[in-house]
Amino acid sequence: MHGLRNWALNFASKGRRRVFRQVLSEDRCRWLSTVENPPGVKDVPQFSIPKAVVGQATCHTHPHLIPPGQLTCGITQMEYRERRDALVTKLMAEVQNAHKTHIIVIPAACKQYMSDIIPYVFRQNSDFFYLTGCLEPSAILVLVKPAQTSNYKSILFVHDKDSHAELWDGPRTGCNAAVQLFAVDEARPVEQFETFLGKIFNSSKPSVLWYNDRSQANPDLNSTVASVLRNNGHVSLSDPQRTLHFLRVIKSPAEIELLKETCYIGSQSINMAMACTKPGVSEHMVNAVLEYTCRQGGAEHLAFPPVVAGGARATHIHYIANNQILHERDMLLVDSGSQRWLYNSDISRTWPVSGKFSKHHRILYELVLNVQKRLIELLGEHRPALDQLFDSMCRLLGTHLQQEGILPKNIDGNELIGKAYRLCPHHVSHYLGLDVHDTPLVRRGAAVRPGMLVTVEPGIYIRDDDEMVPPEFRGVGIRIEDDVLITEGEPLVLTDTCVKEVRDIEAIVGKHAL
């Protein structure tokens, strides 16, 4: 394990040297609020990070994590404000009611508990984080655009300073520092939110509340909002989330740099898992290598509970028990990824536990690999919608399976596509970013555009008892997944450092001692 630690530290230091690059253009157009500060709030430079200890890491308290001038690693206060500007602009462009006041409410996630007072690791609501960079629980972002104006005001509700609470849970930012840290117009205690919303509704008739009342980020807030709405019949309710997801699905240059980094970390963790794979090793141990290497590389943790499935267990697509022993004749399917500053990678690889592909396993593996390479080419040639890419996968899989004699020669058309779908029943692609399955309100039938990051993940899953397939091919699951950035030119595979060619896999599997 000492050797594993040295290897992980080495690639981590190399990766960190690449991540801290300023990529934002300083001359992009911005729509800035002209609302004056409320009484008692001092003027501060438009964008500056307070030097005090606050409720999250800053460039002053954690210079090894965040470069100077950035609110969170890679992202400046200016970019977070530009995102809020863009959301307000797009929402107003969707409606024809400039005579109404618009109030946009985006909640932070609340703490979740595994038992009694034992919390899960906190994970911020991605929509809220995208607009604020704030990592504190139960906060609320409110954007108020009065009728007949082009400006809006940003108010952030946070837990105020409390010495007793901070004794147990650590520092809070508090209202005074939150204005400067998050570059908002005003900050208030979160306990005042209900009263504030009621006053805004009473003084703004008619008005529109933009709020997702089905959000699970902070369920208690749903009842609070519903109670205020019941007493204000002149307020209509709309959902801002679809518009927000269409903003999020196109990644900024700064986001792309963060995604490159997390894809690199995730790729190297899977390479290391290959190197540590040998007959007799447990799936649990491979899982541990993935997690250890990701954290050593600079990720907060894995992006999701990984699939580490040996043999026929890989035919269960979401197998995450990861508690069996690996045998020499097994193929091992791993689906894993890392999360760095909330941005995720998602990678799948399949390799032989013995370090050498059998004849029939190699046929299946190279079949899936060839299909994947062609699908990536199609993204560059035609930029098909993800649903069209899925149709292409089914046709390609069916054709290749026929050519190898795995499916009968006397079927074609929809019957062939149907049999291919039966062997790969999941979609071939999804969007990737702050969430692993990112921006779900952007349908997979939408046009693919530069700046999107998508997965390409064809697979084949053949159960032990599948009599449609010759016996020598049964009892195996194979998936190959890469994270692909759509550009103006050729697609860019951000996970290209994760080995997938047969010769490279056979050169690395089992070559590292645990």
Next on the checklist: How high is the relative contact order of segment 277-359? Use alpha-carbon pairs under 8 Å, at least six apart in sequence, and give a whole percent.
Outcome noted: 33
Next on the checklist: At 7 Å along Cα-to-Cβ for each site, give me the label-to-label distance between Lys511 and Ile320 in nm.
Outcome noted: 3.2
Checklist entry - How much length is gained if the chain between Ser163 and Asp504 is pulled fully straight, taking 0.36 nm per residue apart and subtracting their Cα-Cα distance, in nm to one decimal? => result 117.2 nm
Item to check | Set of aspartates and glutamates near Lys100 by C-alpha distance (under 19 Å), chain-local residues within fewer than 8 positions excluded | outcome: Asp85, Asp239
Item to check | Listed residue (Tyr120, Leu135, Tyr152) projecting farthest to the positive dipole end of segment 97-200, Cβ model | outcome: Tyr152
Checklist entry - If eta is 0.890 mPa s and T is 25 °C, what Stokes-Einstein diffusion coefficient results for segment 417-514, Kirkwood Rh from Cα pairs, in µm²/s? => result 152
Item to check | Proximal lysines to Lys111, defined as alpha-carbon separation beneath 19 angstrom and excluding residues fewer than eight positions away on the same chain | outcome: Lys161
Checklist outcome for this item: Contour minus Cα-Cα span, Glu191 to Thr399, at 0.36 nm per residue, comes to 68.8 nm
Checklist entry - Based on DSSP H runs of at least 4 residues, each adding -39500 (n - 2.57), what is the mean residue ellipticity at 222 nm of the chain after dividing by all its residues, to the nearest 500 deg cm²/dmol? => result -11500 deg cm²/dmol
Next on the checklist: Can you tell me, using C-alpha contacts under 8 Å and at least 6 residues apart, the relative contact order of the chain as a whole percent?
Outcome noted: 14
Checklist entry - For segment 372-514, what's the relative contact order in percent, using C-alpha pairs closer than 8 Å and at least 6 residues apart? => result 23
Next on the checklist: Quick check on the chain: of the DSSP beta bridges with both residues there, what percent are antiparallel, nearest 5%?
Outcome noted: 75
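Rank by packing, highest mean first: peptides 363-372, 162-171, with packing defined as the count of other Cβ atoms within 10 Å averaged across residues.
On the way: 363-372: 20.3, 162-171: 10.9.
Result, highest mean Cβ count within 10 Å first: 363-372, 162-171.
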Checklist entry - Accessible area of Met452, 1.4 Å probe, to the nearest 10 Å²? => result 10
Checklist entry - Going down the table (Lys373/Lys511; Lys153/Lys199; Lys51/Lys251; Lys51/Lys153), which pairs top 18 Å between alpha carbons? => result Lys373/Lys511; Lys51/Lys251; Lys51/Lys153
Checklist entry - Which of rounded, prolate, oblate describes the chain, given a ≥ b ≥ c as roots of the alpha-carbon gyration tensor eigenvalues and a/c under 1.5 marking rounded, otherwise prolate only if a/b is larger than b/c? => result prolate
Item to check | Spacing of the two label points (7 Å from each Cα toward its C-beta) at Arg463 and Tyr120, in nm | outcome: 3.0
Checklist entry - Using a simple charge model, +1 on the beta-carbon of Lys and Arg, -1 on the beta-carbon of Asp and Glu, nothing else, what dipole does the chain show about its Cα centre, in debye to the nearest 20? => result 520
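Taking the mean number of other Cβ atoms within 10 Å as a proxy for protection, how do you rank 391-400, 260-269, 46-55 from highest to lowest?
260-269, 391-400, 46-55
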Next on the checklist: For Asp496, Asp160, give me the order by solvent-accessible area with a 1.4 Å probe, most accessible first, ignoring ligands, DNA and RNA.
Outcome noted: Asp496, Asp160
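The values are calculated or read from the model by the stated rules, or taken from the named source; none is laboratory data. Since this is a predicted model, take the numbers as computed values, not measurements. Heads up, the Cβs are rebuilt from the backbone with ideal geometry, glycines too, and the neighbour counts pull from every protein chain shown. To get the accessible areas, we keep the full protein, side chains included, count just its heavy atoms, and leave off ligands, DNA and RNA. Shrake-Rupley method; radii C 1.70, N 1.55, O 1.52, S 1.80 Å.
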